[in-house]
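Since every read-out is calculated from the coordinates, none of them should be taken as a lab result. Quantities reported herein were computed from a predicted structural model and do not represent experimental measurements. Heads up, the Cβs are rebuilt from the backbone with ideal geometry, glycines too, and the neighbour counts pull from every protein chain shown.
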Amino acid sequence: MTITPLTPPVPVAFVKYYEKGSTVMGADQIAEGLAARGWNARSIPVRELRGIRRGILVFIKTSRLDHLLLARARGNRLALDVQDTVVFKRRIKNGWLFDALIFKNRRQLADFGRDDRLDRVIYHQWDPRYSLHQAPGDRLALGYLGLARSLELWGQLPGIEYVDDGYFDQAARFNCHFSIRLPGREFLYKPNCKVSTAAACGANLITTRDESTVELLGEDYPFYCDPEPASILAAIERARAAFGSAEWHAGLERMRAVRERTRIDRVLDDYELLLRDLARPPDGPP
C-alpha cells in the first residue's frame with residue numbers, strides 16, 4: 001500500500017520516557033520507516049516535547065499528565081502505544097486525553113478500546129535485525145529467546161536451549177522457538193513479539209494458545225501446548241517427530257503468513273492510516 005504523506009507535512013513525534021527494546025521497536029524503527037516514506041516523523045526523548053506544535057504525538061507505553069496537557073495546549077493530537085502495559089495495569093493512565101490508543105491484539109481492544117475515539121490494533125513488527133535461520137535441516141533445534149525472569153521454567157525443560165542475550169545472532173541457530181504465556185492477564189494481553197520473531201526467522205513455534213498467538217496463527221496451528229511441564233514436553237516430542245513432515249511444513253506456512261503480516265512495511269501502512277485519521281479535525285468529515 002502507498003499512502004501519500006500529508007501536505008503541508010504535519011510533525012509526527014514518537015515520545016520516549018526511557019530507552020529499551022520496546023522503545024526501539026515502537027518509536028525508533030517506526031519513525032525511521034515513516035521518515036523514509038516522506039513523513040516528517042522522528043523519535044524523541046520526552047525532554048524535547050516542548051518543541052512540537054500542531055503535530056501528532058505518539059507516546060510509547062506511558063505518559064505524564066502535565067506533559068499531555070502541555071501537548072494539548074500546543075495544538076497536538078495525542079496517541080498512546082499501549083504495548084504490554086495492560087498486563088500490569090488494570091486501567092490506562094490518562095486515557096481520556098488520548099485521541100487514539102494503539103493496541104497489540106484484539107482482546108486488548110475489546111477490553112480497553114473506546115468506540116468514540118480512533119483506537120485500533122497495530123501489531124508489533126518483527127525486528128528487521130532478525131534474519132532467516134541457519135539451523136540444521138534434518139532435526140529439531142529448539143530455543144527460547146528471552147529473559148530468565150520471563151519464564152518460570154527456565155532451565156528446567158530438557159530439549160530447549162535458553163538464550164537471554166544476543167538474540168539477533170543466536171536466533172539463527174534455531175528452527176523452532178518456544179513461548180509460554182501464563183493464565184491471567186499475560187495470557188490475554190501480552191503482545192505478539194514471540195510469534196512474529198519466530199516468523200521472522202522462518203521457524204516454527206511451540207506455544208500456548210494465548211490470545212495474541214491464536215489471533216495470528218489460528219486455532220488449528222499444530223504445535224500448541226498448555227503451560228504445564230508435561231504438556232510442554234509432549235509438544236516438544238510431537239514437534240521432533242513431525243520435523244520435515246507435512247504437519248511441520250503446514251506450521252511453517254502459517255508462520256510465513258505471520259511474517260508477511262507483521263513485517264515493518266505492513267505495520268507502517270497501518271500507522272499511515274492512523275496518522276491520516278489523527279490529522280483530520282476531531283469533528284471533520286470521515
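For the stretch 17-62, the set of chymotrypsin sites (Phe, Trp or Tyr not before Pro) satisfying both a DSSP loop assignment and a count of at most 14 other C-beta atoms within 10 Å is given as Tyr18.
Exposed loop sites here are GluC sites (Glu not before Pro) in DSSP loop states with at most 10 other C-beta atoms within 10 Å. What is the longest stretch of the chain lacking them? By the stated rule (loop sites, at most 10 other Cβ atoms within 10 Å), 1-151.
Computed over neighbours whose Cβ is under 12 Å from that of Ala73, the net charge equals +4, Lys and Arg +1, Asp and Glu -1. Only helices enter the 222 nm calculation for the chain: every DSSP H run of n ≥ 4 contributes -39,500 (n - 2.57), and dividing by all residues gives -9500 deg cm²/dmol, rounded to 500. Rounded to the nearest whole angstrom, the semi-axes of the ellipsoid equivalent to the stretch 142-261, taken from the Cα gyration tensor as √(5λ), stand at 18, 16, 16, largest first. Applied to the stretch 213-228, the Karplus parametrisation 6.51 cos²θ - 1.76 cosθ + 1.60 on θ = phi - 60° returns per-residue 3J(HN,Hα) values of 5, 5, 4, 8, 9, x, 5, 9, 4, x, 10, 7, 8, 8, x, 7 Hz, with x for Gly and Pro. A DSSP coil position with no more than 15 other Cβ atoms inside 10 Å describes the following chymotrypsin sites (Phe, Trp or Tyr not before Pro) in the stretch 130-216: Trp154. Within straight-line reach of Lys93, meaning a Cα separation under 19 Å, sit the following lysines at least 8 residues removed in sequence or on another chain: Lys16, Lys61, Lys104, Lys190.
Shape annotation for the stretch 101-186: C-alpha extents along the principal axes are 52, 28, 23 Å, from largest to smallest. The value obtained for the chain, namely the Cα convex hull volume divided by the number of residues, is 133 Å³ per residue.
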